[in-house]
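Here the structure comes first, spelled out in structure tokens, and everything after it is commentary.
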Amino acid sequence: MRSPVGFPGIKSMHKFKVKIISISLAVTLFYFLSAHAVQAATLRVPQNYSTIQSAVNAAATGDIILVAPGTYHEEINLNKGITLAAEQYDSLNPRNNQTVIDAGGGSGGVINIPQGLNSQPKISGFWLRNAVSGTLAYSPFIIEFCYLTAAGDLGEYEKGSGGISRNNIYEGGGDDGIDLDHQIKPILIENNLITKNSQDGIEIRLQDDSIAQAVDIIIKNNRLELNGDGGGGDGIQIIDYQTDTNRRFTIERNLIIDNKQAGLGLMDNEDTSEDFRAASIREQIRVINNTFSGNDHGISGGDNLLALNNIFANNKNLALKNVDNKSQIAYNLFWNNGTDFTGSNVDLLHMLKSDPKLTAGFQLQPGSPAVDAGTSAFTWTSLSGETVNIALPPSEFTGSRPDLGRYETQGSVIPSPTGMGKPGDANGNGKVDGLDYVIWLNNYNKTVTNGASSGDFNNSGKVDGLDYVIWLNNYNK
């Protein structure tokens, strides 16, 4: 239909509206950024500061430092609660990150975080290499979308540290991928690839610290693979000291595969040299919906361990050894292990021994006996006499009951370590435009759980200025 004379057609109107939206967006953006300029500044390297450290020295708490691609030969002292971010990074595969901090064989960490910080620093999107440690921390911090390699312990957490490690790759450490010592503050380790480290993927020492309130160590949705290639090591190793401590472990939705010795190995007497002694560690450990495959041992040890909804398949020697005392093992599947279990409290009425029909990517094929074979509710009395009620919400599984193992049949309920869409695209239409900005603006400074769809483009759990920078860098793309 022809438009009336003097009235713009539909295409013209659309262009007119887009121009108005663009002008409105620019005006809104100007006033918004002006109002918030006093709250946070953006410092750029090398445009404003020639080195990363000089920018850190000049920054105030809450500021953002953006670093252009290139190689920076520095050891960083990150001694304030700021965001240190690469301008560009590959959220799908951090191995491709082009902003490199190379410490040149330094004696500390590539990035060092001192004790006593009142607010958490955040590190995003770097390639960290060539020091004794990748990160060396004494205060809680957040690290995401980084590639850490060519160091002893790639992520070294010392007394007072904690925080969040997510969406990183820890590869080729001379000792451990992640090392936790004197853990007295909570830590979440999620969505990481931890692989090919000489000793353990994650090593946790239970030093005899006084801890008033229970400290949660959560290891969730990681892939721990091919660790221990330097002579021996575990996917996850927990090392006991002399007294019981107030630490609590949740190991959930991980793929723990092809590690040289144990998938989860428990040691005692401060000893890290895995010999499958299956130590009687008394701290509470919850092992839920993991897949253990191709390790020498699946789980070795534990006096206070709940193993629920897991798959143990193709472990070379033994799937479970001496998981006993008050431990309980229920709703698990065993297949093609050297031996399924010995000296362990296995609930034989709630156990499967059959081929889980795993794909090469460890997904369940149609017809797998592991489909809908788990439980969403379970009650367990721990070693201390505590009644532990496990209740998995329906959002974490897709059928009538949870499947066994890491993955649900209709895909991973929890996002995979590489599961991100186009950076800056909040509404999922394949283009980064003004509509995505409006979504970001409406959620600015809010804590959210649904990632990019709320404007949280770096999946940090909060919509902030760094998400705006991601949107801006991808605008109109």
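The values are calculated or read from the model by the stated rules, or taken from the named source; none is laboratory data. Note that the structure is predicted; figures quoted are calculated from it, not measured. Glycine also receives a Cβ, built like all others from the backbone with ideal geometry; neighbour counts cover every protein chain displayed.
Of everything in segment 445-461, what is in contact with an Asp or Glu (Cβ under 8 Å, 6 or more places away or on another chain) and either buried (at least 16 other Cβ atoms within 10 Å of the Cβ) or without any contact (Cβ under 8 Å) to a residue 12 or more places away in the chain (or both)? Give them in sequence order.
Residues of segment 445-461 that are in contact with an Asp or Glu (Cβ under 8 Å, 6 or more places away or on another chain), as a first pass: 445, 448, 450, 452, 455-460.
VAL448, ASN450, ALA452, GLY455, ASP456, PHE457, ASN458, ASN459, SER460, listed by residue number.
Residue pairs whose Cβ atoms lie under 6 Å apart, separated by 6 or more positions or on different chains, with the first residue in segment 143-159 and crowded, with 24+ Cβ neighbours inside 10 Å and the second at pLDDT below 95 and of a type in the set (S, T, N, Q), are PHE145/SER91. Residues to consider are GLY419, GLY428, GLY399, GLY411; find the one that is loosely packed, with under 15 Cβ neighbours inside 10 Å, within 25 Å of ARG286 (Cβ to Cβ) and at pLDDT below 80. So the residue among GLY419, GLY428, GLY399, GLY411 that is loosely packed, with under 15 Cβ neighbours inside 10 Å, within 25 Å of ARG286 (Cβ to Cβ) and at pLDDT below 80 is GLY411. Take the conditions (1) surrounded by fewer than 20 Cβ atoms within 10 Å (Cβ to Cβ); (2) assigned to a loop (DSSP other than H, G, I, E, B); (3) free of Cβ contacts under 8 Å to residues at least 60 places away in the same chain; VAL371 misses just one of them, which is (1). Look at GLY152 and say whether it is farther than 23 Å from ASN290 by Cα, part of a loop (DSSP other than H, G, I, E, B) and not β-branched (Val, Ile, Thr). The answer is no for GLY152.
Every listed requirement among (1) buried (at least 19 other Cβ atoms within 10 Å of the Cβ); (2) in contact with a Gly (Cβ under 9 Å, 6 or more places away or on another chain); (3) hydrophobic (A, V, I, L, M, F, W, C); (4) modelled with pLDDT of 95 or more is met by PHE362 save one, (1).
Here PHE334, PHE312 are screened, and the one residue that is out of contact with any helix residue (DSSP H, G or I) (no Cβ under 7 Å at 6 or more places or on another chain), closer than 15 Å to SER300 by Cβ and in a strand (DSSP E or B) is PHE312. If you go through segment 208-229 and keep only what is more than 24 Å from the chain's Cα centre (by Cα) and either at positive phi or touching a residue at least 40 places away in the same chain (Cβ under 8 Å) (or both), you end up with just ASP209.
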